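Q: This is the structure I have questions about; it appears just below.
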Amino acid sequence: MDKVEETREFLSNIGMPKAQQSDICCYVILAMAGLKPDMHWSEATNEWIRIHDIIRFANSFYGTTYAENSRETFRKQALHHFRTAALVEDNGKATNSPNYRYRLTEETLEMIRKRNTIEWQPALKRFLSYHNSLMEMYASKKKMSMMPVKINGQEFNFSPGKHNELQKAIIEEFAPRFAPNSECLYVGDTIEKDLVKNVEKLTKLGFEITLHDKMPDVVLYREDKNWLYFVESVTSVGPMDPKRILEITEMTKDVTAGKIFVTAFLDFKTYKKFSADLAWETEVWIAEMPEHMIHLNGNKFLGPR
């Protein structure tokens, strides 16, 4: 039996559903264990690696031809389920971070190394006996790194990372000060893209939303003034530059509510990095100085254009 089939059998042994016994799932386990076709299971490792590394490993050592744009397939079909099953863990970084990594859990590694030895059956039995506890432990570990945030009176969790840290500040610090009594109509998360998306209200206000539209990071609506706040959370890319203003304007061409464009930064250092790119007639809010705002020209401060 070759390595791929042995891996498929392994996934069946530990109770993974048929969908998670596919070739892609087998290549993920082999890549994460660093096991080439001629290596023994006892040589398995669990170094931190990226999906890019998994694809390159499968293509290099197992003759596959996966393209870089298949990363989401690997994530959804294999890694998401393996993480839920406590077979793998991530390093807690934001999923869009270049430093985001996965590895086999220590418990999975210990079991894999005993495959094809006399210790395999006892190791498998032991793993299965405490598998539910493992899943709870790793789920709790993941939950602890999440950032709780209250949006429109409901409790949500942002995944870790600077982008979401800033979005949390926008909702909890910016909105009460500069958009009092506003409702959050949209906010995404680096993992769950549409964490809050009030399509009914957005449509009623005149938004034209398609699958290809890139919504601003946070959309707030202040009903008493009929103002919409479009806020971009900027840590590395995406300020309210002229091109972005045009994109949002096109998306909201039928919106009659007043439009306010805001770029939010975590600190003044990041603001200075992007200051030359910002569009006139927009606002700047910096989380480390939450009580102040910067207005870029014009005869109105924090008001619709």
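Q: Which numbered condition in (1) at pLDDT 90 or above; (2) in the same structural domain as residue 83 (by TED's automatic domain parsing); (3) surrounded by fewer than 16 Cβ atoms within 10 Å (Cβ to Cβ) is the only one that residue 180 fails?
A: (2)
Q: Another question, if that's okay. If you take the residues of segment 42-58 that are in contact with a Ser or Thr (Cβ under 8 Å, 6 or more places away or on another chain) and hydrophobic (A, V, I, L, M, F, W, C), which of them is surrounded by the fewest Cβ atoms within 10 Å (Cβ to Cβ)?
A: 58
Q: Name the residues in segment 14-29 that are surrounded by fewer than 19 Cβ atoms within 10 Å (Cβ to Cβ) and touching a Lys or Arg at 6+ places or on another chain (Cβ under 9 Å), would you?
A: 21, 22, 23
Q: A follow-up question, please. For segment 30-41, enumerate the residues that are exposed (fewer than 12 other Cβ atoms within 10 Å of the Cβ) and farther than 22 Å from residue 20 by Cα.
A: 38, 40
Q: Name the single residue, out of those in segment 232-247 being crowded, with 21+ Cβ neighbours inside 10 Å and out of contact with any Leu (no Cβ under 7 Å at 6 or more places or on another chain), that is farthest from residue 293 (Cα to Cα).
A: Taking the candidates together, the pick is 244.
Q: Assuming residue 71 fulfils every condition listed in (1) in a helix (DSSP H, G or I); (2) under 24 Å from residue 106 (Cβ atoms) apart from one, which condition is it?
A: (2)
Q: Oh, and also: Give segment 42-59 a look and list any residue that's of a type in the set (Lys, Arg) and closer than 20 Å to residue 108 by Cα, or say none.
A: 50 - this is the single residue of segment 42-59 that is of a type in the set (Lys, Arg) and closer than 20 Å to residue 108 by Cα.
Q: Looking only at segment 120-134, count how many residues are at pLDDT below 70 and in contact with a helix residue (DSSP H, G or I) (Cβ under 7 Å, 6 or more places away or on another chain).
A: Total meeting the criteria: 1.
Q: Keeping to segment 151-193, report how many residues are under 22 Å from residue 239 (Cβ atoms) and outside any helix (DSSP H, G or I).
A: 12
Q: Can you tell me which residue is farthest from residue 5 (Cα to Cα) among those in segment 110-125 that are surrounded by fewer than 16 Cβ atoms within 10 Å (Cβ to Cβ) and β-branched (Val, Ile, Thr)?
A: Top of the filtered list is 118.
Q: Which ones in segment 14-31 are under 15 Å from residue 64 (Cβ atoms) and not in a loop (DSSP other than H, G, I, E, B)?
A: 23, 24, 25, 26, 27, 28, 29, 30, 31
To keep it simple, each residue is scored yes or no on (1) under 26 Å from the mean Cα position of the chain (by Cα); (2) among the charged types (D, E, K, R); (3) under 29 Å from residue 267 (Cβ atoms); (4) part of a loop (DSSP other than H, G, I, E, B).
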residue: 228; (1), (2), (3), (4): yes, no, yes, no
residue: 239; (1), (2), (3), (4): yes, no, yes, yes
residue: 244; (1), (2), (3), (4): yes, yes, yes, no
residue: 253; (1), (2), (3), (4): no, yes, no, yes
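Q: Which residues, counting only those in segment 91-119, are farther than 17 Å from residue 16 by Cβ and modelled with pLDDT of 85 or more?
A: The answer is 101, 103, 106, 110, 113, 114, 116, 117, 118, 119.
Q: Within segment 35-51, count every residue that is assigned to a helix (DSSP H, G or I) and either closer than 27 Å to residue 118 by Cβ or modelled with pLDDT of 95 or more (or both).
A: Residues meeting the conditions: 3.
Q: With surrounded by 14 or more Cβ atoms within 10 Å (Cβ to Cβ), more than 24 Å from residue 168 (Cα to Cα) and in contact (Cβ under 8 Å) with a residue 12 or more places away in the chain as the only criterion, which of 263, 252, 256 stands out?
A: 252
The values are calculated or read from the model by the stated rules, or taken from the named source; none is laboratory data. Keep in mind the model is a prediction, meaning the values are calculated, not measured. When we count neighbours, we look across all protein chains shown, and the Cβ atoms used for this are built from the backbone with ideal geometry, even at glycine.
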